[in-house]
Each structure stands twice: as structure tokens, then as C-alpha cells.
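The values are calculated or read from the model by the stated rules, or taken from the named source; none is laboratory data. Quick caveat: nothing in here was measured; it's all calculated off a predicted structure. Positions of Cβ are backbone-derived with ideal geometry, glycine not excepted, and every protein chain shown enters the neighbour counts.
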Amino acid sequence: MNVYDVFNGDADGICALIQLRLAEPAEATLITGVKRDIALARQLPTTEPVNATILDISLDKNREAVDALLAAGSTIFYVDHHFPGEAGLSAEQTESLKMLGVCINYNGYGDTVEDLHFHPADLYREFVKFADPLELIASQPPAWQKLRSGYEADMASGLAAPVLAENDSSLVVKLPYEPWARRVSGVLGNELANRNPDKACGIVTETADGSYLVSIRAPLNNRTGADEVAREFPTGGGRKAAAGINELPANQLEAFLGAMARFWN
């Protein structure tokens, strides 16, 4: 088969192809263009099968061409982060897949692997048995049941956690030094942010040495400032929308609560 590399002409597309071909060299015909020229898959021939790598262009804008290539027997490796278009899933299937993804992500949080419901390698071994994630969900294997019930129980505990401070622009809750709290801290931050889109949300989790691990989410309706609040403290940092403090001394807790209350007012 003839080999083609199809990629967006911006930094994402070029850098993606550079990294790929440094790791996996191949002689290929290059198809690209200006940044906004994204309907590139239609430039590939459909008269015979080809081997195509397609990077950083919307599948929604190239679906017809990709379908034609597949019908011609082509092999396609497609990597992109833009809107994919309609995926043919019902609302129930979409929500089920969302829950599966949330639970797999949730399983990774903890100080050590002993905090987790499953060692990540073991979870991989259980879930790789299913080629279709919808089949995994429908068949209800024990690993999925345990992971989902664990998530639901931990989330219920997290949502019942005591509130340390709340005003019109911020909300801060406190979690204990417990495995469930360390597991739920990441997904709880997202849930609190979704439930309180006009408020910055903070989670203060006790640690073994008496300090606190802090997670900060900027308001969903004003996704900025989380990094600035975090950097007011020595071990803080992160992104504008989400940041954290690795070790907040107990005697700086009030200062942190004050920073949360003040910044978004």
C-alpha cells in the first residue's frame, strides 16, 4: 500500500507528525495545507487501498472521505482532539460511557496504589477483555460493579463533607485523612464545580503529617485564577482553571480560606 501522512499545517499537526515519525520512521507522501484547510482526507485516492495516518483535523469535516477510504479497503490511523461529529450513540449509551470514563479516572487517585480499588495494571487486565466498552458495561463484570459502587459510595461521602467556608463566589470543603477521601478528591472537585458554576471550589484534604493537600477549581463561568491563588503558597501551582497546593501547613489554612473568599469577589 502507498503510505500517506495527512496533518494540519499548524503546530499541533506538525509537532504530532514529528514525534510520530521520530518514534516510527516511515517514507510517506505528505498532505497538508494552511491551518484552516482541514478537509484534507479528500485528497487521498480511493481507487485503491492506502495506508493513511491522519493527525489533528476534525473527523466531522472529513467523515465522508474517511468512509470512502475505508470502503476501498484502506488502513487509517486517525488522531484528533476536535469535534468528531455525530457518533451514533443514544443518550443512555453516552451517559454510560461517561460514567465508565469517570470511574476509570477516579480509580487512579490516591497516595499509593493501596488506596485504590484496583491496581491500574489489574484494571487494565480486566477491561481489556472487552473490545467494545458498551459490551463491558452491559455484561456487568465484577470489576466494573466494584468500581462503580465504590465510586458512588465515595462520591456520596464527599458530597456530605463539611463545608469550611462559603460565600457568593467560593466554596471550600474538608476531607479527612482516609483512603476514600484520597480516592474521591479529583472527581469531587469536578462535581462541585459543575454544581456551583459561579463559584470557585476548593477541597482541603488532611494528610498524615497534619498538613493539607489542596485542590482548586476556578468557577466554570470564569475559568481563571486558580493558579494565582495556589501560587500564594510555597508548594502551589497549576493552570488557570485548575490548580493545587501540595502541602499547605495547618497554620496557613485560614490564609488559604481568605484567598479563596477574596480572589473571585
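Quick notes
- The residue list Thr46, Thr53 contains one member that is assigned to a loop (DSSP other than H, G, I, E, B), polar (S, T, N, Q) and either surrounded by 14 or more Cβ atoms within 10 Å (Cβ to Cβ) or at pLDDT 95 or above (or both), which is Thr46.
- With respect to being farther than 30 Å from Glu135 by Cβ and free of Cβ contacts under 8 Å to residues at least 24 places away in the same chain, Ile14 fits the description.
- Residue count for segment 158-205 satisfying the condition of being closer than 20 Å to Val113 by Cβ and either part of a strand (DSSP E or B) or outside the structural domain of Ala242 (by TED's automatic domain parsing) (or both): 2.
- Residues being of a type in the set (Gly, Ala, Ser) and either free of Cβ contacts under 8 Å to residues at least 24 places away in the same chain or touching a strand residue (DSSP E or B) at 6+ places or on another chain (Cβ under 6 Å) (or both) are represented in segment 115-125 by at least one member.
- Filtering Leu147, Leu100, Leu116 for residues that are in contact with a Pro (Cβ under 8 Å, 6 or more places away or on another chain) and crowded, with 18+ Cβ neighbours inside 10 Å leaves a single hit, Leu100.
Listed here are the residues, each with its yes/no results for (1) among the charged types (D, E, K, R); (2) crowded, with 19+ Cβ neighbours inside 10 Å; (3) out of contact with any Gly (no Cβ under 8 Å at 6 or more places or on another chain); (4) part of a helix (DSSP H, G or I).
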site	(1), (2), (3), (4)
Asp209	yes, no, yes, no
Ile216	no, yes, no, no
Ala259	no, yes, yes, yes
Arg262	yes, no, yes, yes
Asn265	no, no, yes, no
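- Tyr124 part of a helix (DSSP H, G or I), among the aromatic types (Phe, Trp, Tyr) and surrounded by fewer than 17 Cβ atoms within 10 Å (Cβ to Cβ): yes
- Whichever residue in segment 57-83 is among the acidic types (Asp, Glu) and either in contact with a Cys (Cβ under 6 Å, 6 or more places away or on another chain) or at pLDDT below 95 (or both) and, among such residues, is nearest to Tyr4 (Cα to Cα): Asp80
- Just one of the listed residues (Leu220, Leu188) is under 17 Å from Pro162 (Cβ atoms) and touching a residue at least 12 places away in the same chain (Cβ under 8 Å), namely Leu188.
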